[in-house]
Every structure is written in C-alpha cells, then in structure tokens.
Amino acid sequence: MMLVARPMDGLGTPRLIISTTLATSLLVACAGVDSTASAASPASADGSSTGTDGSSTGPDGDADGCPAEAPVLGYVTCTLPANRQCHYVQACNSGEVGFDFTCSRGYFEVVPERCAMPYDSCVGTQLNCSDVWQLLLFPAPDGPAQCPSERPVDGSPCTFYSSRFCGYTCNPEAATGWTVVECSGESWQSDGACAGTP
C-alpha cells in the first residue's frame with residue numbers, strides 16, 4: 001500500500017492521498033467478492049436447490065412412495081401424505097378390478113368403492129366386497145378366511161372361519177353368469193343362479 005503525505009493546506013490540516021494503483025486494487029477486490037456471491041446457487045424456501053444445469057431436486061427426492069406390489073395382505077405400513085393414492089389392478093373372481101389405496105394411521109387401506117358384482121373377492125389377497133370393497137386386516141382365525149379360490153359345490157363343507165358369502169362367475173372361461181354361495185352352518189349352499197352350468 002502506498003500512502004503519500006503532502007504538506008498541510010492553508011487551514012493546517014494534513015492531506016493524505018491514496019495512489020491510483022491502490023484505488024484500482026481496492027476496486028478489483030470488491031468486484032471479486034460480488035462475483036463469488038452471485039455464482040452461488042440460491043436455495044429455495046423448501047430446501048431444494050437449482051444446479052447449473054437447471055435441474056431441481058427436492059428434500060425427499062423423486063420417489064412417489066407407492067410400493068411396487070399392491071398392499072393387499074392386511075397390515076402394510078406406509079408413510080404417504082393423506083391425499084396421496086396408489087392405484088393397482090388386481091385379478092378377482094369377477095375379472096380385473098382397479099383399486100386405490102391410501103395411507104391411514106400408518107397403514108394402507110383400500111378406498112371403499114362399490115363392487116360391480118356382489119360378494120366379489122380376489123384370490124390370494126385380503127380384498128373382499130359385500131357392498132363396498134374392504135381390506136380385511138386379520139386373516140383367519142382372527143378374522144374371516146378368504147373365499148375358496150374355486151366355486152364350492154353345494155353341500156361341500158365349510159368351517160366357522162369361512163367367509164359367510166362368496167361370489168363367483170358361473171363360467172370363468174366365458175366370464176358369464178354370477179352366483180353367490182353361503183356358508184350356512186357347516187356346508188356351502190349356492191343361490192342356484194348357476195343351475196345347469198358345469
């Protein structure tokens with residue numbers, strides 16, 4: 001740094017002059033600070049930041065939180081927001097059915113839509129429908145057992161844990177007709193809608 005002392009002026013006050021070289025250096029230093037500050041990536045209010053390539057990543061990443069497989073086996077934990085829904089298509093006795101699941105109190109539950117066919121169910125799951133679809137949380141013996149995978153023959157045995165009503169297509173290959181069988185006492189009894197259908 002170069003400081004040049006000059007004689008006092010007429011009022012007796014010393015004068016201090018900063019050389020041109022020093023002034024130029026100070027201007028360059030200030031400009032360097034400003035350019036560094038403007039180069040930093042600003043953070044948004046939600047904690048995400050924008051990179052130099054224009055991409056943006058939030059604090060939770062890009063995952064939507066829905067499991068790869070439908071949560072159809074009772075108690076399956078979740079951490080989704082209350083308004084988030086996960087959609088799946090499931091093979092059921094009436095054919096393929098679409099389901100939406102939400103996260104409630106830390107567990108998945110199915111949105112209670114009305115079923116197209118009464119007492120429909122989906123083999124290998126806890127999905128069951130009397131009037132609306134529900135996800136049975138407790139398998140037998142703590143809850144009702146799922147319906148048999150195939151339509152029971154009239155008079156075939158059922159147990160105390162069996163679902164009371166189960167719906168089936170009369171002819172699964174042709175997807176025609178629909179019957180409801182009931183576990184009455186100790187055996188299955190149909191409503192007769194499939195009479196004459198093998």
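At a glance:
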{"item": "Among residues of region 113-132, those that are part of a strand (DSSP E or B), in contact (Cβ under 8 Å) with a residue 40 or more places away in the chain and either within 13 Å of SER149 (Cβ to Cβ) or of a type in the set (Lys, Arg) (or both), counted", "result": "1"}
{"item": "Region 160-183, residues that are touching a Cys at 6+ places or on another chain (Cβ under 8 Å) and either part of a loop (DSSP other than H, G, I, E, B) or more than 17 Å from ASN93 (Cα to Cα) (or both)", "result": "SER162, SER163, ARG164, CYS183"}
{"item": "Count of residues meeting criterion [closer than 18 Å to GLY185 by Cβ and either in contact with a Gly (Cβ under 8 Å, 6 or more places away or on another chain) or outside any strand (DSSP E or B) (or both)] in region 133-159", "result": "12"}
{"item": "Unmet requirement for SER163, which otherwise passes all of (1) at pLDDT below 90; (2) hydroxyl-bearing (Ser, Thr, Tyr); (3) farther than 28 Å from GLN85 by Cβ", "result": "(3)"}
{"item": "Test: residue in region 111-124 that is over 18 Å from ALA70 (Cβ atoms), basic (Lys, Arg) and under 26 Å from the mean Cα position of the chain (by Cα)", "result": "yes"}
{"item": "The one condition in (1) more than 32 Å from the chain's Cα centre (by Cα); (2) aromatic (Phe, Trp, Tyr); (3) loosely packed, with under 12 Cβ neighbours inside 10 Å that PHE138 fails to fulfil", "result": "(1)"}
{"item": "Check on GLY98, assigned to a strand (DSSP E or B) and without any contact (Cβ under 8 Å) to a residue 12 or more places away in the chain", "result": "yes"}
{"item": "Subset tally (residues that are part of a strand (DSSP E or B) and either on the phi < 0 side of the Ramachandran plot or of a type in the set (S, T, N, Q) (or both)) for region 81-95", "result": "8"}
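The values are calculated or read from the model by the stated rules, or taken from the named source; none is laboratory data. All figures in this text were calculated on a predicted structure; none of them were measured in a lab. Virtual Cβ from ideal backbone geometry, glycine too; neighbours counted across all protein chains shown.
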